[in-house]
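Here is the structure we will look at.
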Amino acid sequence: MKEKRVAERLFNGLIKENPTFVLMLGMCPTLAVTTSAMNGLGMGLTTTVVLALSNLIISLLRKFIPNRVRIPAFIVIVASFVTMVQLLLEAYLPALNTALGVYIPLIVVNCIILGRAESFAYHNPPLPSLFDGIGMGLGFSVALTLIGAVRELLGVGEVFGYRVMPQGYTPINIFVLAPGAFFVLAALVAIQNFIKKKAAAKGKDVSKVGSGCSEDCTNCGEKGCSKRFYDADAPGKNPVINEAVAIKTVEPEKTAEAEKTAEAEKTAEAEITAEAESTAEAKKTAEADNTAVVESEAAPIEEEIKEDDKNE
Amino acid sequence: MNNISSIRDLFILLVGSSLVSNVVLSQFLGLCPFLGVSKKIKTAAGMGAAVIFVITLASAVAGVIYKFILVPFNITYLQTIVFILVIAALVQFVEMFLKKVIPSLYEALGVYLPLITTNCAVLGVALTNVQKEYGIGTGVVNGFATALGFTIAIVILAGIREKMEYNDIPESFKGMPSVLLTAGLMAIAFCGFSGLL
């Protein structure tokens, strides 16, 4: 039973919920370091180590970390591992350390790590959490290596430093420069949209498939990154901040209407909003909101694992 | 004479950090708010102002802490942990302070402040300042310039997105892909600034 669960976690991270191709998390490092396949692989493996270890520790400490201070606690744990990994890289792989530069310490603010801590490790036993981290990390590594390989192939004509393209090929330099990263990612998201639409037409459930960092922030540690905060087409997901913006941008008379609509739609949440005068409080509410969603998502997994435990 | 040359250096740093190596378009920091909060020029400008405010302040505070606490006690390897906690605390503190003391500024920036805590550009600037061994003053100028670059980029992108809204875009390219392509084209344009220095 245990092997099955481990394998399931690895499969989940690598394919079913691949953080880059499916969930579209952690786009900053994805774009920044994938100038070559080697850099992508290095960044991916570094993130994997941090992700697996921080997932393990957070899972071990999950009964001791109070709910209210969990985010700072997660950040401290993650930052400690990032510092360790950075020192190890400096000592043993100085070339990679120079190539990745400031993006190594910036692993701390990678959406994937805080996202997994919040949505999986905080609610599950250590072993599945460890393998969830490894699976997600490997999925991230594979994705980064692939993107790096494509950019290196088009931009330099090489993969992992080996010449692949024929001699007559003129490298399209722009693909290893900054704009190329945006173009490659744009193509990637477009392909994902295409597949998603086909799957949806066949009646498959694509609700878990993200599209761009800005749409799946429930699983994302970056609270500052969401389209749903400002997108009028996607209301309800974060009523507090939506409304706060509405109050700021809309005329006073209209605001009253907006408030009424919001109340009609979500009375309970609107009450919370009325209480939340300060944005600090609003933020807490948003976090609580997030947690609720995350917990509801995590609950089935937890149940599965409990069942597994019983079976053992 | 010395003063003049140092002012010139600072000006070069200002242009370099804001335009030539633009934080979003060439370093890919703060990409999430760049893509997420760029639907309208007004919100983009608000976000930009808040980012300028926080990054300038954060680079000053991080610089002071690095110079007077981390270096004397020989614990500079703790910089990542210390900086991220300081930034998170700072944003909370700024929010409370503005609300009490300058409510009008709080009205303008309030919504965006909590969103900035995990913006990787803030931590990125603090770390870059240390890596490049800038002093506190230079670090603050670098922070301001970087944030200015962010604001320029996000306001331009918001302007383009407002114009693009009613265009006929292929189904698969609707939403994020078209925005990313726009950002890519902007990045090409910003490559042109490298001739400035």
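Hey, can you tell me all the residues within the range B:39-55 that are within 11 Å of another protein chain (Cβ to nearest Cβ) and surrounded by 15 or more Cβ atoms within 10 Å (Cβ to Cβ)? Break it down stepwise before answering.
Step one: list which residues in the range B:39-55 are within 11 Å of another protein chain (Cβ to nearest Cβ), which gives B:39-40, B:42-44, B:46-47, B:50-51, B:54.
Listed by number, the residues that qualify are B:Lys39, B:Lys40, B:Thr43, B:Ala44, B:Gly46, B:Met47, B:Ala50, B:Val51, B:Val54.
Mind checking which residues of the range A:91-102 are closer than 16 Å to A:Leu41 by Cα and in a helix (DSSP H, G or I)?
To start, the set of residues in the range A:91-102 that are closer than 16 Å to A:Leu41 by Cα comprises A:93-101.
Matches in the range A:91-102: A:Pro94, A:Ala95, A:Leu96, A:Asn97, A:Thr98, A:Ala99, A:Leu100, A:Gly101.
So B:Leu90 fits all but one of (1) of a type outside the set (Val, Ile, Thr); (2) under 26 Å from A:Val78 (Cβ atoms); (3) in contact (Cβ under 8 Å) with a residue 40 or more places away in the chain; what number is the exception?
Here B:Leu90 clears every test but (3).
Take the conditions touching a Gly at 6+ places or on another chain (Cβ under 8 Å) and either away from chain A (no Cβ under 12 Å) or of a type in the set (A, V, I, L, M) (or both) and apply them to B:Val140. Does it pass? Spell out how you get there, then give the answer.
Numbers: touching a Gly at 6+ places or on another chain (Cβ under 8 Å): yes; either away from chain A (no Cβ under 12 Å) or of a type in the set (A, V, I, L, M) (or both): yes.
When the stated conditions are applied, B:Val140 passes them.
If you go through the range A:143-154 one residue at a time, do you hit one that is assigned by TED's automatic domain parsing to the domain that holds A:Ala32, in a loop (DSSP other than H, G, I, E, B) and either among the charged types (D, E, K, R) or touching a strand residue (DSSP E or B) at 6+ places or on another chain (Cβ under 7 Å) (or both)?
Here is the first cut: in the range A:143-154, the residues assigned by TED's automatic domain parsing to the domain that holds A:Ala32 are A:143-154.
Next, only the ones that are in a loop (DSSP other than H, G, I, E, B) stay: none.
No: zero hits.
How about the range A:1-90: which helices (runs of 4 or more DSSP H) wholly inside it have at least 2 residues that are at pLDDT below 90 and crowded, with 24+ Cβ neighbours inside 10 Å?
Numbers: elements: A:2-11, A:27-33, A:37-60.
Fully inside the range A:1-90 and qualifying: A:27-33.
Conditions (1) under 30 Å from A:Thr35 (Cβ atoms); (2) within 14 Å of chain A (Cβ to nearest Cβ), marked per residue:
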{"position": "B:Arg8", "(1), (2)": "no, no"}
{"position": "B:Ser26", "(1), (2)": "yes, yes"}
{"position": "B:Leu31", "(1), (2)": "yes, yes"}
{"position": "B:Val37", "(1), (2)": "yes, yes"}
{"position": "B:Leu57", "(1), (2)": "no, no"}
{"position": "B:Leu70", "(1), (2)": "no, yes"}
{"position": "B:Val91", "(1), (2)": "no, yes"}
{"position": "B:Leu98", "(1), (2)": "no, yes"}
{"position": "B:Glu107", "(1), (2)": "no, yes"}
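Going through the range B:168-190 one residue at a time, which ones are in contact (Cβ under 8 Å) with a residue 40 or more places away in the chain and more than 7 Å from chain A (Cβ to nearest Cβ)? I'd like the intermediate steps shown before the answer.
Going residue by residue through the range B:168-190, those that are in contact (Cβ under 8 Å) with a residue 40 or more places away in the chain are B:176, B:179-180, B:183, B:186-187, B:190.
If the condition is that a residue be in contact (Cβ under 8 Å) with a residue 40 or more places away in the chain and more than 7 Å from chain A (Cβ to nearest Cβ), then B:Val179, B:Met186, B:Phe190 are the ones that fit.
Determine, yes or no, whether A:Ala117 is surrounded by fewer than 18 Cβ atoms within 10 Å (Cβ to Cβ) and under 19 Å from A:Gly26 (Cα atoms).
Working: surrounded by fewer than 18 Cβ atoms within 10 Å (Cβ to Cβ): no; under 19 Å from A:Gly26 (Cα atoms): yes.
No, not satisfied.
The values are calculated or read from the model by the stated rules, or taken from the named source; none is laboratory data. All of these numbers come straight from a predicted model, not from anything done at the bench. Reconstructed Cβ throughout: ideal geometry from the backbone, glycine too, with neighbour counts over all protein chains shown.
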